[in-house]
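Here, each number is a calculation from the coordinates, and none is a lab measurement. All values reported here derive from a predicted model rather than from experimental measurement. Every residue, glycine as well, gets a Cβ built from its backbone with ideal geometry; the counts of neighbours run over all protein chains shown.
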Amino acid sequence: MTEIPFSVKIWGARGTLASQSKETIGYGENTACVEVFCGDESIIFDAGTGLRSVGDKIIKDIIKGDKAGKKRKKINLFFTHCHYDHISGLPFFAPFYDPNTEVDIWSGHLTGPDKTRKMVVDYMSSPFFPVGPEVFSAKITYKDFEPRDVLRPLKGITIRTCSLNHHDECVGYRIEFDNRSICYITDTTHIVDQPDEGLIEFIHDSDLMIYDGTYTDAEFPQFWNFGHSTWEEGVRLAKAAGVKRYCIFHHRPSRDDKSLDAIGKACKKEFARSYVAREGMKIKV
Ligand SMILES: [Zn+2]
Ligand SMILES: [Zn+2]
C-alpha cells in the first residue's frame, strides 16, 4: 500500500532577524515559517517573514482553481510564540486580503481570555503598525489552546502540544498523520548535561524533528540565557528519543552559508539522516 504524502517545506529558516547578504543567501534570508503537508491538506507554523511567500503561493493555487486550489481557501496557522521573528510576516500574508479565504489562527503560549485575537490586535497597533487587522477581508477565527492540549484541526491530523523552555513561553508541536509524525521544536533552550526528559518523551520515535540549533556547543556558554539551544543538543535529543530524521533550524542571522555547510557536515557524522534547514527545502517522511 502506498503511503499518503507527508512532508514539511521550509519557508524561513532564520531565527532572530532576517538576514540578507550574498554570504547568507544560500540558506535563505527569511525568519521562521514552515508548512506541513498532510495528503491534500497543509498547516502553517509561525508567521516569520517567510509567511509572505507562503501567502503568495496559496493565492496562485487558488487562482488556478483546481481541486488542490479549492482546499487552499481554508488555512490553519499555528504560532509557537510571538517574538518578532515569528510574527513579523503576519500582516503581509496575502490570503488575509481575499474575502473568499478562511483562516484559523491558533496560539497557546499566552495566558488570559481571547489571547490569540489580542496578540494579533496588539501586534498590528499604533505606534508599531499603521493599520489593524480590521483591514483583513478573509474570515478570521482566533483559536486559543493550552500547552499539552491535543488538537484536531483537520480530519486525520492530530497535533500534540507542549511547553518549551523559552522566554515569554513557547509551544512545541508534534503533528501526527497516517501513522507518522513531525515535531517542530523551535525556540527552546537546555541545561548542559541535563537532558530534557519531558521533551524526549514528547519527540519519542518521531519521523522528523525540526530543532532550535541557533548556537554551537562552543558558543553556548556565552549565550546560555538567550532562550535557544545548540545543534549538538538536538543530536543528543534525537538519539535519546529514537528520532528518525533531524533538521537544524533557527539559524543565527550572522551564520553564513560556509559555516552552515560546515555544521551540516559535522552533524552528518553524528546523525546520518540530518539536514540543515534551507529556504525552499522539502523533507518527506
Ligand atoms: Zn525565534
Ligand atoms: Zn523566541
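Helix 51-64 and the longest principal axis of the C-alpha atoms of the chain enclose an angle of approximately 50°. Projected onto its three principal axes, the C-alpha set of region 206-271 covers 29, 26, 16 Å, listed from the longest axis down. For region 168-284, the average shadow cast by the Cα convex hull is 7.4 nm², which is a quarter of the hull's surface. In this structure, the pairs whose alpha-carbon distance is over 27 Å, taken from Lys9/Lys265; Lys155/Lys244; Lys22/Lys118; Lys71/Lys239; Lys60/Lys118, are Lys22/Lys118; Lys71/Lys239; Lys60/Lys118.
Working note: Cα gyration tensor of region 106-193, eigenvalues times five, square-rooted, sorted largest first, giving semi-axes of 27, 20, 11 Å. Label positions at Ser137 and Lys155, each projected 7 Å from the Cα along the C-beta direction, are separated by 3.1 nm. Computed on the Cα trace of region 1-149, the radius of gyration divided by the Kirkwood hydrodynamic radius gives Rg/Rh = 0.97.
Dividing the Cα radius of gyration of the chain by its Kirkwood radius returns 0.95 for Rg/Rh.
Measuring r between the beta carbons of His167 and Ile191 and using R0 = 22 Å, the FRET efficiency lands at 0.90. Computed from the C-beta positions of Asn225 and Ala68, the FRET efficiency with R₀ = 41 Å rounds to 0.35.
Where the centre of each part is set by its Cα atoms, how far does region 220-285 sit from region 44-71, in angstrom? Region 220-285 and region 44-71 have Cα centres spaced 27 Å from each other.
The simple spin-label model puts a point 7 Å past each Cα toward its Cβ; for Lys60 and Asp122 those points are separated by 3.6 nm. Dipole size of region 160-224 about its Cα centre, with +1 on Lys/Arg Cβ and -1 on Asp/Glu Cβ: approximately 160 debye, rounded to the nearest 20. Remark: relative contact order (region 19-156) = 21 percent; criterion is Cα-Cα distance under 8 angstrom and separation of 6 or more residues. Summing Cβ point charges (Lys, Arg +1; Asp, Glu -1) relative to the Cα centre of the chain gives a dipole of roughly 1080 debye. Between Arg148 and Ala266, the simple label model (points 7 Å from Cα in the Cβ direction) yields a spacing of 3.7 nm. Our estimate of slack between Gln20 and Asp114, defined as 0.36 nm per intervening residue step minus the Cα-Cα distance, is 30.3 nm. In deg cm²/dmol and to the nearest 500, what is the mean residue ellipticity at 222 nm of the chain if only DSSP H runs of at least 4 residues count, each as -39500 (n - 2.57), divided by the residue total? Theoretical 222 nm ellipticity from helices: -6500 deg cm²/dmol.
If both residues of a DSSP beta bridge must be in region 47-185, then about 60% of such bridges are antiparallel. Quick note on region 58-144: its Rg to Rh ratio, both from C-alpha atoms and Rh being the Kirkwood radius, is 0.99.
For region 6-284, the antiparallel share of DSSP beta bridges with both residues in that region comes to about 55%. Here the extension length gained between Lys244 and Tyr97 equals 49.0 nm, from 0.36 nm per residue of separation less the Cα-Cα distance.
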